[in-house]
Amino acid sequence: MGKKSIEIQNLVFSYAGTTIPVFKELSWSVPPNSRILLCGPNGAGKTTLLRIIAGLHLVPTEQVRVNGYSPFHEPSGSQGIQLVDGEFPLTLDLSVQELLEHPSPDANLKRQSQLLEILGIDLTWRMHRVSDGQRKRVQLLLALRKTWKLLLLDEVTTHLDILVRGRLLQWLQKEQTRSKSTIIYTTHILDGLWKSHRSPWATHIAYLDVHGLKVFDRPGKIADLQKLARQG
């Protein structure tokens, strides 16, 4: 069957103090060198799943493996996981330039330079004055300039305008292909994900609902999504 980037076997997970499980015997095998669009309704558990894969929730070691390692129990073995989600609460009176001068041993300066242009970031922006959209751009810059083998993006383009989002998606596709890494991207914004119905951004589509993972396949094999792409 070949090596998998992520292997989830019969995952059962509930938050403390709740009786209804978020996942009940969820299984999912993610191939390496893939770009996955993770879709589904609010409350289906997309964010929780990404956080589990990133090693932020305790689950039995055999239920979730990333590149052969348990991300929670063996974080050193599963290095290279980068999760970008939620809010970016940095509101100090610091400029972007000052943030970038802070040491970051795994920062790729070439990527950093590319991202400054792609995201349209001004080095003089001060974090206590920027808008939500500008703050999200800086968060993406600081995260994506690092080296990653597995990139988990949770609704990170919500505050980006259509031009910035398009440039970022193109850059992510190029970087993922070059590095032979894996990206899982959750979003409700599908603009820019299909250049045409024959050229989708994602190599795979995953659809998660409250009953589990309902669909995981290549876009060309999912009739309903192909119809939607043609209409768009």
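Quick look at the values:
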read-out: Amide H within-cut-off set for Leu11, under 5 Å, with H built and near neighbours excluded; value: Glu25, Leu26, Ser27
read-out: Distance violations [Cα-Cα > 29 Å] among Lys24/Lys180; Lys110/Lys214; Lys146/Lys221; Lys4/Lys146; Lys4/Lys221; Lys46/Lys180; value: Lys24/Lys180; Lys110/Lys214; Lys146/Lys221
read-out: Under 15 Å, Cβ to Cβ, from Ser104 - net charge with Lys/Arg +1 and Asp/Glu -1; value: +1
read-out: For the stretch 91-198: rounded, prolate or oblate by the Cα gyration tensor [a/c cutoff 1.5]; value: oblate
read-out: Contour excess over end-to-end distance, with Cα ends at Thr124 and Ser76 and 0.36 nm allotted per residue; value: 13.7 nm
read-out: Percent carbon-and-sulfur accessible area, the chain, ignoring ligands, DNA and RNA, probe 1.4 Å; value: 52 percent
read-out: Derived scalar couplings ³J(HN,Hα) [the stretch 121-134; Karplus, 6.51 cos²θ - 1.76 cosθ + 1.60; whole Hz; x for Gly, Pro]; value: 8, 9, 4, 8, 3, 10, 5, 8, 10, 6, 7, 4, x, 5
read-out: At most 16 other Cβ within 10 Å, DSSP loop - trypsin sites (Lys or Arg not before Pro), the stretch 1-101; value: Lys3
read-out: Computed [θ] at 222 nm, helices only, for the chain once each DSSP H run of length n ≥ 4 contributes -39500 (n - 2.57); value: -8500 deg cm²/dmol
read-out: Trypsin sites (Lys or Arg not before Pro) within the stretch 90-135, DSSP loop, no more than 12 other Cβ atoms inside 10 Å; value: Arg129
read-out: Efficiency of FRET from Cβ geometry, Leu90 and Tyr15, R₀ 30 Å, rounded to 0.05; value: 0.65
read-out: DSSP beta bridges in the chain [antiparallel fraction, %, rounded to 5]; value: 55 percent
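The values are calculated or read from the model by the stated rules, or taken from the named source; none is laboratory data. All figures in this text were calculated on a predicted structure; none of them were measured in a lab. Reconstructed Cβ throughout: ideal geometry from the backbone, glycine too, with neighbour counts over all protein chains shown. The protein model used for the area step is the full one, side chains on, heavy atoms only, and it has no ligands, DNA or RNA in it. Shrake-Rupley method; radii C 1.70, N 1.55, O 1.52, S 1.80 Å.
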